Structures are given as C-alpha cells and as structure tokens.
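The values are calculated or read from the model by the stated rules, or taken from the named source; none is laboratory data. Keep in mind it's a predicted model, so treat the numbers as computed, not measured. Cβ placement follows ideal geometry from the backbone for every residue including glycine, while neighbour counts extend to all protein chains displayed.
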Amino acid sequence: MKIIFATGNQNKVEEVQDILQGFQWEINSLKDIGFYEDIEETGSTMKENAMIKAKHIYVRFHENVFSEDTGLEVSALDMAPGVKTARYAGEHKNNEDNMKLLLENLSDKKDRTAQFKTVAALILDGKEYYFEGILKGSIHTEKRGNQGFGYDPIFIPDGYQQTLAELGKSIKSHISHRAKAIGLLADFLKDYKK
C-alpha cells in the first residue's frame, strides 16, 4: 500500500521514515511524486494547516495522503509562536532567526515551560482523521547541540538535561511530538480495514 506524506521538508521526511521503520506502507514524499509547489498554510490552527496540505494533495493526485503541522507553544508568550512557529521571525523561515527572536522574547521571563505539538491529518479512502502528539519541556537560555532541526537546539524535553539537538535522532524518534502523532497514525493504519 502506498501513502503520500505531504511535506517538502526533507528533515521531516527522514524523521518520519525513522519512526515508521519496518512499516508495511510505502511512504512517498512530495519530491517522490514530483510535486514542488508551495502549499499555502492559511489556517489559524495546526489542525487546519495539516488538513489544508493533505486535502491539496488528495484533490490533485487522488491518493491516500497524510500531512502534519507542528508548533512550539511557550507558556510565558501566551503559547506563541504556535501556528507561526516556522515563520516566527518572518516569512523567510530561518531557524537561526526564529531561535534568536524566541530567546530575546524570553530574556526577562522566569517561566520557560513550553511544548511542541504535532497534529497529523490523514485522508484515507476519502475519509479524514486526525492524530495529535505533544512533547513537554522548557526553553534553554542558549543553543546547544548540532543534531536535529528547527528549535531543537534550545528545547529541553521533560526528564532530560540535554536539548533535542544534543539527544540526537535515535532518542528523538522515540519521544518527540511528531513520533507520538505519527505513531498513532501508524497504529491506525496497521488496524485499518476498508
């Protein structure tokens, strides 16, 4: 069985492939199906944005598809950046600028608790499903580590002393928000009967 993962982000493709190792569905990225357009994320929530991407590909290719949207929610910043996580410092989506701005905005805050949230949207045989994963933690005062991507160098998961960028792929692919959401999606697909 084939399913499209509606993302152009190669880091996310690799992470999901790690999470779904040994899975019986063949996962195709947008690159694999020759789709290079930008899908505009106009939703006001991660759930809406995830489904916008999935629907766009489903309408175009009539194939089973899933997408996800992930946001970082910081308590002291009224759960920002949230849906604007990738564009926090501007439309250019620069990870370094995003982290720098977040650290600046937290510089006078005592509460550094935060969570990553992933919402996966699945369209399977024309029906829509959602799966959510959350990773609670806190924002470090400086960047540490060089593995991972996005905000990983400043996010310390609960129960750890290291940032996600220090913990590396093998741990992240077990504990992350994306691992939780995609894990639920995978369990659903394993048990799925038409």
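Which condition breaks for Gly150 when tested against (1) at pLDDT 95 or above; (2) on the phi > 0 side of the Ramachandran plot; (3) crowded, with 19+ Cβ neighbours inside 10 Å?
For Gly150, the exception is condition (1).
I'd like the full set of residues that are farther than 20 Å from Gly71 by Cβ and either of a type in the set (Phe, Trp, Tyr) or modelled with pLDDT of 95 or more (or both), limited to the range 168-190.
Here is the first cut: in the range 168-190, the ones farther than 20 Å from Gly71 by Cβ are 168-171, 174, 186-190.
Once the filter is applied, which keeps residues that are farther than 20 Å from Gly71 by Cβ and either of a type in the set (Phe, Trp, Tyr) or modelled with pLDDT of 95 or more (or both), the range 168-190 yields only Phe188.
Between Glu63, Glu68, Glu41, Glu26, which is crowded, with 16+ Cβ neighbours inside 10 Å and either in contact with a strand residue (DSSP E or B) (Cβ under 6 Å, 6 or more places away or on another chain) or hydroxyl-bearing (Ser, Thr, Tyr) (or both)?
Working: Glu63 fails: crowded, with 16+ Cβ neighbours inside 10 Å; Glu41 fails: either in contact with a strand residue (DSSP E or B) (Cβ under 6 Å, 6 or more places away or on another chain) or hydroxyl-bearing (Ser, Thr, Tyr) (or both); Glu26 fails: crowded, with 16+ Cβ neighbours inside 10 Å.
Result: Glu68 is the single residue among Glu63, Glu68, Glu41, Glu26 that is crowded, with 16+ Cβ neighbours inside 10 Å and either in contact with a strand residue (DSSP E or B) (Cβ under 6 Å, 6 or more places away or on another chain) or hydroxyl-bearing (Ser, Thr, Tyr) (or both).
Can you say whether Met99 is modelled with pLDDT of 95 or more, crowded, with 19+ Cβ neighbours inside 10 Å and under 20 Å from Asp125 (Cβ atoms), as far as the supplied structure shows? Break it down stepwise before answering.
Working: modelled with pLDDT of 95 or more: yes; crowded, with 19+ Cβ neighbours inside 10 Å: yes; under 20 Å from Asp125 (Cβ atoms): no.
Against the criterion (modelled with pLDDT of 95 or more, crowded, with 19+ Cβ neighbours inside 10 Å and under 20 Å from Asp125 (Cβ atoms)), Met99 does not qualify.
Hey, Ile134 hits all of (1) aliphatic (A, V, I, L, M); (2) surrounded by fewer than 21 Cβ atoms within 10 Å (Cβ to Cβ); (3) farther than 26 Å from Gly22 by Cβ but one; which does it fall short on?
Tallying (1) aliphatic (A, V, I, L, M); (2) surrounded by fewer than 21 Cβ atoms within 10 Å (Cβ to Cβ); (3) farther than 26 Å from Gly22 by Cβ, Ile134 fails exactly one: (3).
Does the range 4-19 hold any residues that are crowded, with 19+ Cβ neighbours inside 10 Å and either among the aliphatic types (A, V, I, L, M) or within 13 Å of Ser173 (Cβ to Cβ) (or both), and which are they?
The answer is Ile4, Ala6, Lys12, Glu15, Val16, Ile19.
For every residue, the table says whether it meets (1) touching a Cys at 6+ places or on another chain (Cβ under 7 Å); (2) among the small types (Gly, Ala, Ser); (3) modelled with pLDDT of 90 or more.
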position: Lys31; (1), (2), (3): no, no, yes
position: Glu48; (1), (2), (3): no, no, yes
position: Ala76; (1), (2), (3): no, yes, yes
position: His92; (1), (2), (3): no, no, no
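Quick one: which strands (runs of 3 or more DSSP E) sit completely within the range 93-191 and have at least 3 residues that are within 17 Å of the chain's Cα centre (by Cα) and in contact (Cβ under 8 Å) with a residue 60 or more places away in the chain?
Numbers: elements: 113-124, 127-139, 155-157.
Filter on the range 93-191 gives 113-124.
Tell me, please, whether a residue that is in contact (Cβ under 8 Å) with a residue 24 or more places away in the chain and part of a helix (DSSP H, G or I) can be found in the range 19-36.
Within the range 19-36, one or more residues are in contact (Cβ under 8 Å) with a residue 24 or more places away in the chain and part of a helix (DSSP H, G or I).
Looking at Thr85, Thr113, Thr118, Thr70, can you tell me which residue is touching a helix residue (DSSP H, G or I) at 6+ places or on another chain (Cβ under 6 Å) and closer than 26 Å to Asp32 by Cβ?
Working: Thr85 fails: touching a helix residue (DSSP H, G or I) at 6+ places or on another chain (Cβ under 6 Å); Thr113 fails: closer than 26 Å to Asp32 by Cβ; Thr70 fails: touching a helix residue (DSSP H, G or I) at 6+ places or on another chain (Cβ under 6 Å).
That would be Thr118, the only listed residue that is touching a helix residue (DSSP H, G or I) at 6+ places or on another chain (Cβ under 6 Å) and closer than 26 Å to Asp32 by Cβ.
Looking only at the range 21-49, which residues are over 20 Å from Glu91 (Cβ atoms), of a type outside the set (D, E, K, R) and under 15 Å from the mean Cα position of the chain (by Cα)?
Correct list: Ser29 only.
Looking at (1) closer than 17 Å to Thr118 by Cβ; (2) hydroxyl-bearing (Ser, Thr, Tyr); (3) assigned to a helix (DSSP H, G or I), which is the one condition that is false for Tyr58?
Among (1) closer than 17 Å to Thr118 by Cβ; (2) hydroxyl-bearing (Ser, Thr, Tyr); (3) assigned to a helix (DSSP H, G or I), Tyr58 violates only (1).
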